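Novice: One structure follows; several queries about it will come next.
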Amino acid sequence: KFFDTTAVDAFAVKMARELVKHAPPSGGAQDARKAAKKRSELDARIAKQVQLFVQTTPLNFYQKAKVGMRLQDELDAAGYDPEVSKALSYEVAKLVALARRRTDA
C-alpha cells in the first residue's frame, strides 16, 4: 500500500487536463489584465482541487513526491516546455505537501 500510486496517478492526470484546458501549452495572445485574471482563477481552482484531494486521500511522503513527478510527465507529454512543466508540477507538489488534512467535520 505504501507504494500504491493509483490515486496519485489519477489526480496528476486530472490536474494535467485542467492545466491544458485552462492554460494551453501554446499560451495564446491575451492582454495583461485578462491573463492575470485567468491565472488567478486557475490558481484558485488548483488550490481547491488539491485541498479536496488531500482531504479525501491519505498520502504518505512517497505518494506526495509522486504527484509532482507524474504531473511533470503528463505536462511534458501534453507539449509544455520542460521548464514550464517542471515549475508547474513543483508548485502543485508543494501545495500537496503543505496541504493539511482537515480533521474537523
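Novice: Any chance you could look up the accessible area of ASP31 with a 1.4 Å probe, heavy atoms only, rounded to 10 Å²?
Specialist: Looks like 70 Å² after rounding.
Novice: Something else about it: At 1.4 Å probe radius, can you tell me the per residue accessible area of the stretch 45-92 in Å²?
Specialist: 57
Novice: Separate question: Tell me which lysines have Cα within less than 28 Å of LYS21's Cα, excluding those fewer than 8 residues away on the same chain?
Specialist: LYS34, LYS37, LYS38, LYS48, LYS64, LYS66, LYS86, LYS94
Novice: Return the carbon/sulfur percentage of the accessible area of the chain, one whole number, probe 1.4 Å, all protein chains in place. Display every interim value, and only then the final one.
Specialist: Working: 3940 of 7110 Å².
Roughly 55 percent of what the probe reaches on the chain is carbon or sulfur.
Novice: Among the trypsin sites (Lys or Arg not before Pro) in the stretch 1-96, which ones are in a DSSP loop with at most 13 other Cβ atoms within 10 Å of the Cβ? Mind listing them?
Specialist: LYS1
Novice: Specify the angular offset, from 0 to 90 degrees and rounded to the nearest 10, of the alpha carbon long axis of helix 82-98 from the longest principal axis of the alpha carbons in the chain.
Specialist: It works out to around 40 degrees.
Novice: In what order, largest first, do ASP81, ASP9 sit by accessible area if the probe radius is 1.4 Å?
Specialist: Details: ASP81 85, ASP9 40 Å².
Putting ASP81, ASP9 in descending order of accessible area: ASP81, ASP9.
Novice: Another question, if that's okay. Figure the gain on full extension for GLU18 and TYR62 (residue separation times 0.36 nm, minus the Cα-Cα span) and round it to one decimal in nm.
Specialist: 13.5 nm
Novice: Continuing with the same structure: Do any chymotrypsin sites (Phe, Trp or Tyr not before Pro) in the stretch 1-94 lie in a DSSP loop with no more than 13 other beta carbon atoms within 10 Å, and if so, which?
Specialist: PHE2, PHE3
The values are calculated or read from the model by the stated rules, or taken from the named source; none is laboratory data. Keep in mind the model is a prediction, meaning the values are calculated, not measured. Heads up, the Cβs are rebuilt from the backbone with ideal geometry, glycines too, and the neighbour counts pull from every protein chain shown. Each accessible area value is taken on the protein alone, full model and side chains, heavy atoms only, with ligands, DNA and RNA left out. Shrake-Rupley method; radii C 1.70, N 1.55, O 1.52, S 1.80 Å.
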